1. In nanometres, what is the gap between the two model label sites at V27 and T161, each 7 Å from Cα along Cα-to-Cβ?
2. For the chain, compute Rh as the Kirkwood radius over C-alpha pairs and then the Stokes-Einstein diffusion coefficient at 4 °C and 1.567 mPa s; write the answer in µm²/s, rounded to an integer.
3. Which value, in nm² and rounded to one decimal, describes the direction-averaged projected area of the C-alpha convex hull of the stretch 120-229?
4. Angle between the Cα long axis of helix 202-214 and the longest principal axis of the chain, 0 to 90 degrees, nearest 10?
5. Per-residue counts of other Cβ atoms within 10 Å, averaged by peptide: what ranking do you get for 64-74, 187-197, highest first?
6. Mind giving me the nanometre distance, one decimal, between the label points for A153 and V98, set 7 Å out from Cα along Cα→Cβ?
7. Any chance you could tell me what percent of the C-alpha pair distances in the stretch 9-108 go past 24 Å?
8. With labels modelled as points extended 7 Å from the Cα through the Cβ direction, what inter-label distance (nm, one decimal) is found for Q210 paired with A138?
Amino acid sequence: MPELSSLLPKSFERFTMATLSVSSVEVLTPRLRLVRLEGEALQRRSWVPGQEVKIRVGERDYRHYTPLSYRQEPGEMEIIFYLNQRGPGSRWVEQLRVGQPVPLAGPANGAPFIPLRLPALFFGDETALGLGLALQAAQSQAGAFHAVIEVCASEHADIMTLFPHLTIIPRLEAQPGSAHIRWLEQASLALDQLTFYLVGHTQSIQAIRQILTQRYHIERQRIKTKPYWADGKRGL
């Protein structure tokens, strides 16, 4: 994750970032927050589902997040944040209050989700929840996009209730990616017709990609990846 000299952010933000304001913070589960940001700067910008924003979360720390929704005319944006309690991003979200200023750059950088190749199967974890919802909501063709999200077993039932249009599966305490791999083994899908989007945990992405290429003989060009975090590295 980006970290800059403490002398750079103020001059950097002056030319590249807008300051939004927190208009609401909703506790979805103990580890999920739905935050609405507002500001006139959003009226002068545009967003395509899959694009991300960069937020300053500390003196020298920036984190990238993908909006769940973006309404240009009122100048509002919603983001689902996952608190993994490991890094500065999680600590920043825990301390958010209504009215708090939020320095933000973007939206930008929609790769590899723009353009989205359909039909698509999307695998992710809590960090990819907002992205999966945004991409699914943007599809007019029923069944063209299927998102499968792995979550902590203790929050599985609550998240299923909150997001009934997604396939929510409980995380397995086994090898990385094992929950998605088991789901894939039990699913009845024409895999040779799909583009696969693997998002979130780096080690899970690697394990799932290996299964797709070696067991199911999926061509690598039909597997798109977007790692957000990895074991042994500084967290969100």
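Derivation of every value follows stated rules applied to the coordinates shown; laboratory data play no part. Just so it is clear, the structure is predicted and the values come from calculations on it, not from any experiment. Every residue, glycine among them, receives a Cβ derived from its backbone with ideal geometry; neighbour counts consider all protein chains shown.
1. Calculated label separation equals 1.5 nm.
2. Details: Rh = 18.5 Å.
D, rounded to a whole number, is 70 µm²/s.
3. Details: hull surface 26.7 nm².
Computed as one quarter of the Cα hull surface, the answer is 6.7 nm².
4. Once rounded, one gets 30 degrees.
5. Working: 64-74: 17.6, 187-197: 13.5.
Taking the mean over residues of other Cβ atoms within 10 Å, the ranking is 64-74, 187-197.
6. Computed distance between label sites A153 and V98 equals 3.8 nm.
7. 15 percent
8. Computed distance between label sites Q210 and A138 equals 3.2 nm.
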